[in-house]
Amino acid sequence: MYEQVSHSLLNDILIGLKPEIKKHNLQHFYIRLGANFYAIYSLFHTLYGERPDYKQQLGKLVETLTRQYLNRAPHLREQDLAREKDHTWFLSQKWVGFAMYCQEFAGDLQGVQRHLHFLQDLGINLLHIMPIMDCPRGKSDGGYAVRDFRNIDPRYGTLADLDALIGNLKKRDMLLALDVVVNHTSDEHEWAVKARQGDPKYQDYYYMFDNRELPDLYEESMLEVFPETAPGNFTWNAEANKWVMTVFNQFQWDLNYRNPAVLIEMIDIILYWANHGVDILRLDAVAFLWKKIGSSCQNEREAHLILQLMKDCCQVTAPGVLFIAEAIVAPPEVIKYFGEDAINAKECEIAYNATLMALLWEGVATKKASLLNKGIRNIPNKLERATWLNYLRCHDDIGLGFDDNDIRQAGYEPWAHRQFLIDYYTGNRDDSTARGVAFGRNDKTGDARISGSLASLAGLETALNRQDEAAIDTSIRTILLLHSIILSFGGIPLLYYADPLGALNDTSYLEDELKYNDSRWVHRPRMNWEKAELRQQPGTVEYRIFNGLKKLIALRKELPALADLNNRELFELENPHLLVYSRFDPLNSQARVLVVNNFDHHTQAMPLEQLRRAGFFTHGTVQETISADSYSCSEDSLLIPPLTACWFKT
């Protein structure tokens with residue numbers, strides 16, 4: 001959009017660029033900058049327009065974008081152009097993700113390279129390596145307390161190792177996602193060190209106060225993220241003689257985005273990693289970016305404006321790069337991180353579908369899809385050029401943040417139902433085979449979240465300990481059922497690194513003084529590569545899970561109807577144990593897939609009348625895609641085996 005004031009200012013900024021910059025061919029950069037500048041100007045003015053250095057800071061931002069464009073390699077610029085032409089490329093059903101800790105998966109980045117064949121064997125083509133930037137040992141929060149945003153932690157390797165891995169991935173047509181922690185730094189970061197030493201420039205990079213007057217006002221409405229291990233949101237720093245905002249842990253200092261210099265620094269860092277060839281950047285803790293007295297300091301409008309600025313700036317310099325919003329908040333809030341008032345995503349193209357994840361575990365515990373059907377209907381529609389990351393387990397805990405009204409409509413009392421789920425997944429019920437661990441228990445409210453590996457939560461640990469073959473089969477069925485849903489629901493499925501082998505809880509963290517008070521380490525095991533070889537041996541648990549997933553992934557890639565194009569219809573049938581939805585190919589209305597999931601441990605009858613009206617089961621028999629079994633449609637209902645997913649094609 002052309003607008004006189006903003007473009008007059010842009011002309012002044014471009015005229016003032018250094019001569020060594022002007023001599024380069026910046027054709028595509030100038031086109032993108034012109035197209036995006038009114039939005040950049042408007043957002044920057046809204047956030048910082050009252051500052052006396054506003055124009056100077058905006059000039060620094062444009063200079064940063066220009067410099068990083070000049071640093072962008074020719075093959076990445078070509079990739080940008082190709083992805084601009086095929087702008088919905090990431091919505092294809094061919095993408096399947098895999099999240100891992102570098103050290104736990106393979107020791108270091110070179111080890112990851114050596115095991116890429118394992119991922120390709122499974123069908124993975126999107127690799128998310130959890131935080132690998134330099135962090136202090138013992139005060140890293142699993143990599144989310146960054147000491148140096150531009151260096152790899154020596155435990156994982158070097159920048160050269162990362163570049164080699166990226167080159168290898170590109171040869172295999174695999175994408176790489178990395179984390180940028182945008183909300184906070186380690187207290188050992190250079191900025192924090194200078195702030196502690198009294199440098200006013202860097203003290204303004206953080207929220208620092210001489211006394212408790214303002215911190216106490218913030219605390220009135222702020223929530224505690226880790227009430228057990230890091231109560232409160234401020235920490236006294238004796239060296240600086242100031243209180244510092246530390247929402248997550250005492251060694252993680254929250255960045256002050258009221259200072260435009262902080263925003264420009266972080267955009268520069270985002271583009272630095274984009275220029276290393278990273279395809280997707282996961283922006284951590286985005287809900288916390290703006291702090292305001294009298295609010296919860298989460299999901300503030302200004303946080304969204306900051307993300308829009310980050311995205312617009314990335315569109316100018318590296319438009320082929322996608323953003324993931326790490327915002328584990330309620331559905332009406334998380335949908336905003338795609339961008340409001342827009343058809344295409346204007347903040348982050350990808351967001352975690354934490355609601356679906358939690359609802360699936362509720363379905364496993366109750367053996368019903370009642371709450372699932374309610375909760376899915378209340379997930380707002382995403383934008384056209386946006387998608388969900390659908391996952392079952394990740395490095396983090398499982399929260400039970402279901403909507404209370406949905407719980408009531410499903411026939412439960414909210415507080416009692418959450419307590420049931422906590423007890424079920426921590427093994428405190430006679431009818432539970434789950435072996436999880438409580439995390440973040442709040443003694444004031446009785447609330448808790450759940451840690452534990454997928455296999456242990458699904459009962460495999462208990463079944464193996466009892467050497468109960470029937471229970472082992474039930475657990476494997478549960479694992480495959482859950483994966484079949486995230487592979488067919490609509491979005492990018494994201495597998496967690498040890499789950500394809502059925503890894504159990506790892507309690508060795510209890511013997512580590514740096515980890516023992518964080519139960520999330522129970523589901524962050526070291527990959528057992530000797531056991532991984534058992535995936536080649538028929539009959540083993542590893543073989544049954546790995547090859548079951550491999551088959552599901554291969555089938556997904558063959559079905560265009562599973563691409564994420566707002567092409568899902570949910571059917572709420574009379575049987576409460578069934579989750580049923582259809583997927584369709586917008587370009588071929590005849591290519592449809594009906595997905596049926598039975599959460600019960602017994603065969604369930606699926607009534608056909610409603611589905612026949614929708615055009616399914618109109619012939620005498622139908623073949624199911626996963627098992628290749630034929631089902632007779634001559635009766636009024638179809639029998640769905642226990643803990644089974646069926647993909648019926650039309």
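The values are calculated or read from the model by the stated rules, or taken from the named source; none is laboratory data. Quick caveat, the model's predicted, so the values are computed rather than measured. Note that we place each Cβ from the backbone using ideal geometry, even for glycine, and neighbour counts take in every protein chain shown. The protein model used for the area step is the full one, side chains on, heavy atoms only, and it has no ligands, DNA or RNA in it. Shrake-Rupley method; radii C 1.70, N 1.55, O 1.52, S 1.80 Å.
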* Asked: In deg cm²/dmol and to the nearest 500, what is the mean residue ellipticity at 222 nm of the chain if only DSSP H runs of at least 4 residues count, each as -39500 (n - 2.57), divided by the residue total?
  -> -11000 deg cm²/dmol
* To do: Mind scanning Lys18/Lys201; Lys94/Lys374; Lys18/Lys55; Lys346/Lys557; Lys346/Lys382 and naming the pairs with a C-alpha gap bigger than 20 Å?
  => Lys18/Lys201; Lys94/Lys374; Lys346/Lys557
* Asked: Roughly how big is the range 546-650's charge dipole about its Cα centre, with Cβ charges of +1 (Lys, Arg) and -1 (Asp, Glu), in debye to the nearest 20?
  -> 480 debye
* Could you work out the relative contact order of the range 483-587, using alpha carbon pairs under 8 angstrom and six or more residues apart, expressed as a whole percent? => 26 percent
* Enter the accessible area of Thr229 (Å², nearest 10), with the probe set to 1.4 Å and all protein chains included. => 70 Å²
* **the range 399-413 - phi-based ³J(HN,Hα) in whole Hz, Karplus 6.51/-1.76/1.60, Gly and Pro as x** => x, 10, x, 6, 6, 4, 5, 4, 4, 5, 5, 7, x, 10, 8
* For Asn575, list long-range residues whose amide hydrogen, built 1.01 Å from N in the peptide plane, is under 5 Å from its own amide hydrogen. => none
* Based on the alpha-carbon gyration tensor of the range 71-208 and its eigenvalue square roots a ≥ b ≥ c, which shape applies: rounded if a/c is under 1.5, prolate if not and a/b is larger than b/c, or oblate? -> prolate
* Just how much of Trp243 is accessible, in Å², when a 1.4 Å probe is used and the result is rounded to the nearest 10? -> 60 Å²
* Near Lys444, which lysines are there with a Cα under 28 Å away, not counting those fewer than 8 places off in the same chain? -> Lys139, Lys291, Lys292, Lys515
* Summed side-chain charge close to Gly427 - residues other than Gly427 whose Cβ falls under 14 Å, Lys, Arg +1, Asp, Glu -1 -> -1
* Considering the dipole of the chain built from charges on the beta carbon (Lys and Arg +1, Asp and Glu -1) around the Cα centre, which of Tyr48, His395, Val244 is farthest to its positive end? -> Tyr48
* **Cα-based radius of gyration of the chain once divided by 2.2 N^0.38 Å, which approximates compact folds** => 0.98
* To do: Taking only the C-alpha atoms, wrap a convex hull around the range 1-82 and report its volume per residue in Å³ as a whole number.
  => 100 Å³
* To do: Would you kindly calculate the translational diffusion coefficient of the range 582-650, applying Stokes-Einstein with the Kirkwood radius from alpha carbon pairs, for 4 °C and a viscosity of 1.567 mPa s, and quote it in µm² s⁻¹ without decimals?
  => 104 µm²/s
* Asked: In the neighborhood of Arg32, defined by Cβ-to-Cβ distances under 10 Å, what is the net charge if each Lys or Arg adds +1 and each Asp or Glu adds -1?
  -> -3
* Using only Cα atoms, locate the centre of the range 483-529 and the centre of the range 320-371, then give the distance between them in Å, rounded to an integer. => 20 Å
* To do: Pairs of Cα atoms under 8 Å, at least six residues apart: use those to get the relative contact order of the range 295-371, whole percent.
  => 28 percent
* To do: Please work out the Kirkwood hydrodynamic radius for the range 1-148, using every pair of different C-alpha atoms, and report it in angstroms with one decimal place.
  => 19.4 Å
* **Compactness index (Cα Rg / 2.2 N^0.38 Å), the range 249-340** => 1.09
* Asked: So what is the relative contact order for the chain, in percent, with contacts set as C-alpha pairs under 8 Å and at least six apart?
  -> 12 percent
* If only Cα atoms are counted, what is the Rg of the range 533-617, and what is its Dmax, in Å? -> 16.1, 48
* To do: Could you tell me the distance between the Cα centroids of the range 97-160 and the range 277-314, to the nearest Å?
  => 24 Å
* Hey, what's the Cα Rg ratio for the range 496-650 versus the globular rule of thumb, 2.2 N^0.38 Å? -> 1.33
* Asked: So what does the Cα-only Debye profile of the range 279-384 read at q = 0.22 Å⁻¹, as log10 I(q)/I(0), no solvent term?
  -> -1.13
* Asked: Nearest 10 degrees, 0 to 90: what angle lies between the long axis of helix 260-274 and the longest principal axis of the chain (Cα atoms)?
  -> 50 degrees
* Measure nothing fancy, just the Cα-based angle from helix 74-85's long axis to the longest principal axis of the chain, in degrees from 0 to 90, nearest 10. => 60 degrees
* For the range 615-646 and the range 19-75, what is the separation of their Cα centres, given in Å? -> 57 Å
* Structure fact -> With every protein chain kept in place and a 1.4 Å probe, the residues Lys291, Lys531 fall, from largest accessible area down, as Lys531, Lys291
* Asked: Please state the equivalent ellipsoid semi-axes for the range 337-391: what are the square roots of 5 times the Cα gyration tensor eigenvalues, largest first, in whole Å?
  -> 26, 11, 6
* Asked: What does the convex hull of the Cα atoms come to per residue for the range 142-253, in Å³?
  -> 136 Å³
* **Equivalent ellipsoid, the range 287-336 (semi-axes from 5 times Cα gyration tensor eigenvalues, Å)** => 23, 13, 7
* With a Cα-only, solvent-free Debye model of the range 493-586, what are the log10 I(q)/I(0) values at q = 0.11, 0.12 Å⁻¹? -> -0.56, -0.65
* May I ask you to evaluate 6.51 cos²θ - 1.76 cosθ + 1.60, the Karplus curve with θ = phi - 60°, for each residue of the range 322-331 and list the ³J(HN,Hα) values in order in whole Hz, giving x for glycine and proline? => 9, 10, 9, 8, 8, 9, 8, 10, 4, x
* Helix 469-488 sits at what angle to the longest principal axis of the chain, using alpha carbons and giving 0 to 90 degrees rounded to 10? -> 50 degrees
* Residues with beta-carbon under 11 Å from that of Ile269, excluding Ile269: net charge, scoring Lys, Arg +1 and Asp, Glu -1? -> -2
* Structure fact -> One quarter of the C-alpha convex hull surface, i.e. the mean projected area of the range 319-469 in nm², amounts to 10.8 nm²
* Asked: From the residues Gln27, Cys313, Leu263, which one has its Cα farthest along the dipole of the chain in the positive direction, the dipole being from +1 and -1 charges on Cβ of Lys/Arg and Asp/Glu about the Cα centre?
  -> Gln27
* Asked: Each residue of the range 26-32 in order: what ³J(HN,Hα) in whole Hz does its phi give by Karplus 6.51 cos²θ - 1.76 cosθ + 1.60, θ = phi - 60°, with x for Gly and Pro?
  -> 10, 3, 5, 4, 5, 4, 5
* All-pairs alpha carbon distance profile, the range 3-47, 5 Å steps from 0, percent -> 5, 20, 28, 26, 15, 6, 1
